[in-house]
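Down below is the structure, laid out as structure tokens.
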């Protein structure tokens, strides 16, 4: 029996390929890694959106958070250990702090959340990509204390960076 492929079947199969990659990327568990040779922070794609100064500030704060989250897991002398690159592509800070219940019937849809989105890229000792995973962290903007204090934005960013780094570390446990 000879089978022919019609145009609709071919287009349907091709349309599903990008979705299959997304499912494969997020559905498998992350590789377990006890130690990393290095953990880098890359906010280049965020800076490319025209927020270079803010992206540099985010990267600096995230590096501090990474040092704490990965304490005891970084072995610079271990040439066989992989390198982790923590990418930041987007940071959204809520315009309004407070008022969200985040309960069962909460309709805020995350309007009061501070969010960081990017990727975790695991590299071999030779620089080849072993794994790439989407990465996301979100926290209630009101969780960093009194919004009326002048350092409110910095406290919120620090809290978001700590959470982003902590989830990155847990991803490979």
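Of note:
- When 142, 159 are screened for being surrounded by 15 or more Cβ atoms within 10 Å (Cβ to Cβ), touching a residue at least 40 places away in the same chain (Cβ under 8 Å) and more than 22 Å from residue 63 (Cα to Cα), only 142 passes.
- Figure legend. Inter-residue proximity from region 123-135: first residues assigned to a loop (DSSP other than H, G, I, E, B), second residues modelled with pLDDT under 95, beta-carbon distance below 7 Å, spacing 6+ or different chains. Indicated pairs: 125/79; 125/80.
- Against the numbered list (1) closer than 14 Å to residue 115 by Cα; (2) at pLDDT below 95; (3) out of contact with any helix residue (DSSP H, G or I) (no Cβ under 8 Å at 6 or more places or on another chain), residue 160 comes up short only at (2).
- Cβ-Cβ under 8 Å pairs, at least 6 apart or on other chains, region 76-87 side at pLDDT below 95, far side crowded, with 19+ Cβ neighbours inside 10 Å and part of a strand (DSSP E or B): none
- Take the conditions (1) surrounded by 15 or more Cβ atoms within 10 Å (Cβ to Cβ); (2) out of contact with any helix residue (DSSP H, G or I) (no Cβ under 6 Å at 6 or more places or on another chain); residue 50 misses just one of them, which is (1).
- Test result for residue 20, surrounded by fewer than 15 Cβ atoms within 10 Å (Cβ to Cβ), at pLDDT below 90 and more than 22 Å from residue 162 (Cβ to Cβ): yes
- Residues satisfying the stated conditions in region 58-75, i.e. surrounded by fewer than 16 Cβ atoms within 10 Å (Cβ to Cβ) and out of contact with any strand residue (DSSP E or B) (no Cβ under 9 Å at 6 or more places or on another chain): 64, 68, 71, 72
- Set 41, 66: member being touching a helix residue (DSSP H, G or I) at 6+ places or on another chain (Cβ under 6 Å), modelled with pLDDT of 95 or more and over 24 Å from residue 143 (Cα atoms): 41
The values are calculated or read from the model by the stated rules, or taken from the named source; none is laboratory data. As the structure is a prediction and not an experimental result, all values here were calculated from the model. Neighbour counts run over all protein chains shown; Cβ positions are idealised from the backbone, glycine included.
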